[in-house]
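What follows is a single structure, written as C-alpha cells, with notes after it.
Bear in mind that the values in this text are calculations on the coordinates, not laboratory data. Bear in mind the structure is a predicted one, so any value in this text is a computation, not a measurement. Neighbour counts run over all protein chains shown; Cβ positions are idealised from the backbone, glycine included.
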Amino acid sequence: MINLSFSELIQHFINGLTLGSIYALIALGYTMVYGILKFINFAHGEILMFGTYIGLLIYDRLRGGALPGSQTLLFFFLAIVAASLFSATLGVTVERIAYRPLRRAPRLAPLLSAIGTSIVLMNTAALIFGTKSKKFEYPFDNTALNLWGIAITPHQIMILIVCVGLMVFLKLFIDNTRLGKAMRATSLDQDVAALMGINVNSIISLTFAIGSALAGIAGVLIALEYKVYPTMGTMAGLKAFIAAVVGGIGNISGAMVGGILLGLLETFGVVILGIPQGLKDTIAFSVLIIILLVKPSGILGKAVREKV
Amino acid sequence: MTKFFILQNILTYLTVSIEKESTMKKFGLAVVVFCLLLPVVTFAAGSGEKENAIKIGFIGPLTGDAANYGKLMTQAVKIAVEERNAKGGIGGVKVVFLPEDSEGKPEKANAAIEKLASVDKIYGLIGGVFSGESLAIAPRCEAEKILMISPSATHKDLTNKGDYIFRDVPSDALQATVFAKYVREVMGLSRVAILYIKNDYSQGLSMDFKSQFEADGGTIVGMETGLQGDKDFKTQLTKIKALNPEALFIPNYVAEIAQILEQAKQLGLNTKMLSADGFSNPEILELAGDLANGVIFSGPEKEDPAQANAKTAAFEKKYEEKWGEKPDSFSLNAYDGANLIMDAIQAAYDKASDADKKALNLDRSLMQKYVAGIKGYMGVSGEITFAPNGDVIKNQGILTAENRQYKQIGVYRIESGKLVKVK
Amino acid sequence: MISFIQLLTVYIGIYAILSLSLNLIVGYTGMLSLCHAAFFAIGSYATAILMLKIGMGFWLSTLCAGVISAVLGALIGLPTLRLKGDYLAIATLGFGEIVKNVILNWDSLTNGPMGINGVPMPKFFGFSLNPLVKWQYIILVWVFVAITYFILRRIIHSRLGRALAAIREDEIAAFAMGIDTFKYKVISFAIGAFFAGVAGSLWTVFNQSVTPMTYDFMLSMMILCMVVLGGLGNHFAALVGAAIIQVAGEFPRLLGFSSVIPAQFKQIIFGLILVFMMIFKPEGILGKEKAKPPKGVPAVREGGVQ
C-alpha cells in the first residue's frame, strides 16, 4: 500500500469506473452473440471499428467545420445511428458469409473463420481510410468538471449513462418481448427452438445485428476520446471479451459488472498494489484466471451442470 | 503479369483438388509438394526477367499499429527516387525502389532482407524503422555489403554492427543528452517527471535523459510507463499530478502524446510538457490541436526560412502536394538517406570501368567509403556528418509548437561534454 | 531466391515443431490452448539469457529452455486445466498475455522492449553454425522436427496417448473409467510446452535476437490455425498446416509482387485464405469428417490411428 491522498484515490476510482464502462459497452455486444450462439466472435472488434469510421464519415460530412453546439449534437446522434446501422449490416453479412456455413462444422472452424474475417476487415479499413489516426471532434464542450478536486468530463458521464441505459434497454427487450423470448429459447437449445416454430436463422441474424449495432455505438462513443484508427478493434475486442467472461458470458448485466471490474483493476487496482502501470494487463488477466477458477461461469453467470 | 497468371492457375488447381475427394494421404502429399514446388516455380518464372535497374529497398512496418510511420517514410523515398530518375537515374540506368513490410517484427524483417538481398540484390536499404528489427537485419546487410541507413532506429548498439550500417537519426544518447542539458541548464528545471511507453524508442530516450539529467544535478521525481497502443493514461497522469513536477517529459509517438496531452488537461495537470523528435510528426498538430501549443521538444534542426535555398521547406511542400500530408522528421531522414545511398552508388558507378558499367557490376566498398566520408552534407533533415561508427552527428534543434505550427527556439550541440548553442 | 526459400524452410521447420506440439494439446487431448506463443517466448528468452548472460552452450540451453517451458506449463496447468472448453481457452489466453506483459516489463532480466540481441552462434563439436549459412540451419531445425515428430508419435501410441485420446473424446467417461484425467491433461500440456520451448531456442539462435513483439496473441492464433488447417489430431497434418500458413503468409514476396501491392493486400489474402479454407474444408486438409456412428458400433476416431 502506498501513500495516496483521498482525492487522488477517488480520482483513480472514477478513472477506473469510466474505463470500465467503456469495456462494458463493447462487452455487451460480445456477450449477446456468445450467449445465443456459444461463439466467440473475434471479428466483433473490427465490426466496431468499421462502424466507427462510417460514423466519422457522416459526422464530418454533416458538420463541416462547425463548433460544438446543439447542431453538432444532432449530427453526432445521426452519426451514431449511421454507425450502428452500418455495423449491424456488416455483422449480419459476416455471419451469413463466414459463420453460417460452419454451424455444424468442428468447433474450431468458426473460430478460424472469425480470425480470418477480422484480418480482412482490419486491412480493408486501412486501405480505404488510411493508417493514420483520425480525430472525432467532440460535439459538445468536453471541459472537465472539477468536483471537490476530482476531474470528470462530460464524456465520461455520457459513457456511464449510455452504458447503463443500453444495458437496461437490452434486458427489458430480452426479458419482455416475444423476440427476446425467441432469442432466449435459441440460446438454450437451437434444435428445440426450431421445433417450436422459431426461425432460428432469423433469430441468429437478429442477434448479430443487435450485437453489432451495439458495437458501432460503442465505437463512436469511445472514438471521441481514443480517436479512430484501423487497429482500434483489436485490443478493445480482447479486453471486452475478458470483461464479458468475467461477468458471466451470455449475461447482459454480467457484461457491465465484468467491464467495471476490469476497468477498476487496471487503474485503481494497479495503484493500490503499487505496481508499474505497464503491468496492468498482468493484473487484469490474473484476476480473470482467479475468477474463472473460483466461479468458472463468471460472476453473474449461471453454473451449467454438465450432462453426462 | 505472367506471375498473376501462374497464381490464378495455382489457385484453380488448389480449389479443384479440394473439391475432388481423393484419399486424404495422397491429397496431403499433393499439398506439401505444392508448397515446395511453388517457390521453385516462381523462382523459374522470376529468374527469366533480368531488368536493367539499380535497386534500393526499404524495410519497416507497413501494416499493423505502426503502419503510418512506414508509410510516411516510403513516401519520402519515393520522391527521392523519382527526382533521381527524372535526372536520368544513375548513369542512365533507372533506380527502382522496393519497399518491404516487416510488420514491425524482426522475423518478418529477416524474411524481407533475405528477399531483397538474394533476389533483388539491392545496393542500399533505408531501414529498419524500429531498433528491434534493425538490429536483426544488420548482420545480413553487413554480410551482403548492403548500405543500411536507418532513418529512425535509435538504439545505441546499432551502428556497431558493421561498417555498412549507418543511421541518420541522432542516436538516443545524442538527442537525450542534448535535451537533458537544455532542460537543466537553459530552462533551469530541477524536478521533472517522465511518462514513457514500453517500446525501444521511448524507453531508450527516457533512460538516457534520466541519466544525463541526474548527472547534472536534476531530479526525476517519477517515472511512469504505458504500453504501446494504450489509450488511457489517466492513472499515470493522476499519480504524476500528485508529485507536482515542474515538467513532464513524454518522448513518445504521436498517438500516445495526443492522448496524454488531452487527458492531462482533463485531469487538471497543467505542467510544462517536453517531448522528443516523435513530436515532429505534424499529425500531432491535428490530433491534439491547440493542446500541442507550448510543448518543447528536441528534434531535427530547422533551417532558417529566410535562407536562399530553403531545402526543407521546398521538400515539405513537394511532399504535401504529392501525398496530401506533411512529412515527419523520420521521413526527412529517409529522404536524405535515400539520396546519400544513391549518391554513393553514383560515385561507385563513376569509378567503374566501361565493362562494369554495362554489366552493372559496381564496387560496394566504394559506396561504403563514400557514405562513411560524408561531412557537412546539407540534407532536408539538417547538416549530416557521419562519425566513424556510422552514427550521425547533427545539431539538435529545440523547437516548440505555436498556433499549430512548429517554431525553432534554438540549435545546440555537445562539444567536449558541454552544451553549446549554435544558433 | 534460393536463399529466401531456404529461410522459409527454416521458418517452416520451427513453426512445424510449434504446430506439432500444439497438436498434442489441442488435437489429441482436446484442450483449446491459446497461449502457445507464451511457451515459445519462454523458450526463446531462456536460451537467449542462458547463452548470453551465463555463457551456456546451445545444446544445454535448448534442453533447459524446454524444461523451463514445461515446468511453467505444468504450473499454469495446475490451476487452469480444471476448466473446460471455452473457459480454458480464455484462461490460456490470459496466461499468454501475462507472459508477454511480464517479458516487456521485467527489464532487468529481459531488457524489456529492447530485446536481447547478439546471441552467440551454436557450436557443434567446435564448429560454429552461422545463421547466414542457411543449409546448416535447415538440417539443424529439421532434425529437431524429426525428433519431435517421432517422440510425439511414440507418445500417441503409448498408454499416455490412449488416455489423452479418451479424454478428448469424452472426458467424463474417461474419468469414470478411472483415468486420472487431470494428471494426464497437465502432462500433455507440459509436453507441448516443452517442445514449444525447444522451438523457441532454435528461433533465438537463428535470428540471433529476441524481442517481445514477436510473441503476441496473433502468433498463438497462427499456430492454432496451422494445427486446424492441417487437420486436428494428425501429426503429419500439423506439418502440412505449418507449411501452408507460412507459404501463404509470404505469398507476395515469393511471387515477387510484394513491393508493388500495398502491404495490406497480403494480409487480406491471408485472411481470405483462412476463411475459404474453413468454409470448404472445415476439418482441415487432412482431417477426417466426423462420422456419426450407428448405434452399437464404436465411433471412428477423428484422425484415426496414424
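Below is a table of values for the structure above.
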| item | result |
| --- | --- |
| 0 to 90° range, to nearest 10: angle between helix C:58-80 axis and chain C longest Cα axis | 40 |
| Within straight-line cross-link reach of B:Lys241, aspartates and glutamates at Cα separation under 16 Å, skipping those fewer than 8 residues along the same chain | A:Glu8, B:Glu224, B:Asp232, B:Glu262 |
| Principal axis dimensions, the stretch B:112-153 - Cα atoms, whole angstrom, descending | 25, 15, 15 |
| Normalised per residue, the volume of the convex hull around the Cα set of the stretch A:26-240 (Å³) | 131 |
| Per-peptide average of other Cβ atoms within 10 Å, ordering A:284-295, B:345-356, A:205-216 highest first | A:205-216, A:284-295, B:345-356 |
| Too-long pairs where the Cα-Cα distance tops 20 Å, listed order kept, from C:Lys84/C:Lys183; A:Lys134/B:Lys326; B:Lys311/B:Lys369; B:Lys78/B:Lys198; A:Lys132/B:Lys55; B:Lys87/B:Lys326 | B:Lys311/B:Lys369; B:Lys78/B:Lys198; A:Lys132/B:Lys55; B:Lys87/B:Lys326 |
| Between the stretch C:29-52 and the stretch B:263-297, the alpha-carbon center distance in angstrom | 39 |
| Shielding by other protein chains, A:220-226, mean Cβ within 10 Å | 2 |
| DSSP H segments from chain A that extend 18 Å or more along their own axis, Cα-based, with Kyte-Doolittle mean of 1.6 or above | A:70-94, A:108-129, A:154-176, A:200-226, A:252-264, A:280-294 |
| Farthest positive-ward along the protein assembly as shown dipole, Cα basis, beta-carbon charges - from B:Thr235, A:Val294, B:Ile194 | A:Val294 |
| R0 of 22 Å, Cβ-Cβ distance B:Ile409-B:Lys311: FRET efficiency to nearest 0.05 | 0.60 |
| Helix-derived mean residue ellipticity, 222 nm - over chain B, DSSP H n ≥ 4, -39500 (n - 2.57), to 500 | -14500 deg cm²/dmol |
| Between the stretch B:322-354 and the stretch C:88-159, the alpha-carbon center distance in angstrom | 39 |
| Order of B:Trp323, C:Trp135, C:Trp203 under a 10 Å beta carbon neighbour criterion, fewest first | C:Trp135, B:Trp323, C:Trp203 |
| Radius, Kirkwood style, for chain C when every pair of distinct Cα atoms is counted (Å) | 19.9 |
| Spatial separation of Cα centroids for the stretch A:34-49 and the stretch B:365-409, in angstrom | 49 |
| Inter-chain shielding of B:115-124 (mean C-beta neighbours from other protein chains, 10 Å cut-off) | 4 |
| Segment A:Ile97-A:Ala66, extension gain: residue separation times 0.36 nm, minus the distance between their alpha carbons | 7.1 nm |
| Overall Cα dimensions of the protein assembly as shown - principal axes, largest extent first, Å | 91, 74, 53 |
| Calculated [θ] (222 nm, deg cm²/dmol) that DSSP helices of n ≥ 4 give over chain C, each run adding -39,500 (n - 2.57) | -22000 deg cm²/dmol |
| Nitroxide proxy distance, nm - points 7 Å out along Cα→Cβ at B:Lys421 and A:Leu188 | 8.1 |
| Structure-based [θ]222 nm, chain A - -39500 (n - 2.57) summed over DSSP H runs of at least 4, per residue, nearest 500 | -23500 deg cm²/dmol |
| Distance (nanometres) between label positions extended 7 Å along Cα→Cβ at A:Asn146 and B:Asn52 | 7.3 |
| Gain upon complete extension [C:Phe150, C:Arg162; 0.36 nm per residue less C-alpha separation] | 2.7 nm |
| Hits among aspartates and glutamates - C-alpha to C-alpha of B:Lys115 under 14 Å, sequence gap 8 or more where chains match | B:Glu100, B:Asp101, B:Glu107, B:Glu144, C:Glu250 |
| 10 Å Cβ shell holding at most 16 others, DSSP loop, trypsin sites (Lys or Arg not before Pro): longest site-free stretch of chain A | A:108-301 |
| Amide H contacts under 5 Å for B:Met273, placed H, 5+ residues apart | B:Leu248, B:Ile296 |
| Within 10 Å of each Cβ in A:134-144, the average number of Cβ atoms from other chains | 2 |
| Helix B:24-47 axis, angle to chain B major axis (alpha carbon atoms, nearest 10°) | 80 |
| Listed peptides A:195-201, B:394-400, B:130-136 by packing density, highest first (mean Cβ within 10 Å) | B:130-136, B:394-400, A:195-201 |
| Student exercise, the protein assembly as shown dipole from Lys, Arg, Asp, Glu Cβ charges, in Debye to nearest 20 | 2380 |
| Those chymotrypsin sites (Phe, Trp or Tyr not before Pro) in the stretch A:140-191 that DSSP places in a loop and that have at most 14 other beta carbons within 10 Å | A:Trp148 |
